[in-house]
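The values are calculated or read from the model by the stated rules, or taken from the named source; none is laboratory data. Please read these numbers as outputs of a predicted model, since none were measured by experiment. Note that we place each Cβ from the backbone using ideal geometry, even for glycine, and neighbour counts take in every protein chain shown. SASA here: full protein model, heavy atoms, side chains in, ligands and nucleic acids out. Shrake-Rupley method; radii C 1.70, N 1.55, O 1.52, S 1.80 Å.
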Amino acid sequence: TTMGKIIFYEDRNFQGRSYECMSDCADMSSFLSRCHSCRVESGCFIGYDRPNYMGNQYIFRRGEYADYMTMMGMRDCIRSCRMIPMYRGSYRMRIYERENFGGQMYELMDDCDSIMDRYRMSDCMSCHVMDGHWLMYEQPHYRGRMMYLRPGEYRSFREMGYGGTRFMSMRRMVDICF
């Protein structure tokens, strides 16, 4: 597996103290009091504006982000981050209308730009990712707030801090980063 590497800086334009991250980091505030720029040397990361992989999420591909808050229209600094591993396998996810895998269920193996159009499903409150890494979006056509999902069971988006957020489209993290 290829390793990723992202360097966070306290100030804009890669100034001030820095913190190097090569995997997941649940809380950067123990290393940096604030964070206003970053540089992705390799790989791809999801940044979160709250500790413990909570809050709004942003994709950081390889490159330089001299002032990411202004670039991405963010209110808060990145507080935690996850590295997206390189993945070349198949993709499979089950989405459920209700929490705890209740209500209608559909199995996806490819992108879906609108669960309303495709399945007549107006809500998705839990899911089970069997294979691959996925992004879910609150609006059709991959717009609005997004949520990164690695393989696992997600019984309640509400309990994950997404109460009131509806996820209406989902796509595989294929060629988004690499």
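Points to keep in mind about this one:
- Here the contact order of the chain, divided by its residue count and restricted to Cα pairs under 8 Å and six or more residues apart, works out to 18 percent.
- Computed [θ] at 222 nm, deg cm²/dmol, the chain (DSSP H ≥ 4; -39,500 (n - 2.57); rounded to nearest 500): -1000 deg cm²/dmol
- In the context of the full set of protein chains, the chain has a per residue accessible area of 49 Å² (1.4 Å probe).
- Scanning the chain for trypsin sites (Lys or Arg not before Pro) lying in DSSP loops with no more than 14 further Cβ atoms inside 10 Å, the longest uninterrupted stretch between such sites is 1-60.
- Residue order by solvent-accessible surface for 165, 70 is 70, 165, largest first, with ligands and nucleic acids left out and a 1.4 Å probe.
- Accessible carbon and sulfur surface of region 5-83 relative to its total accessible area, %, 1.4 Å: 42
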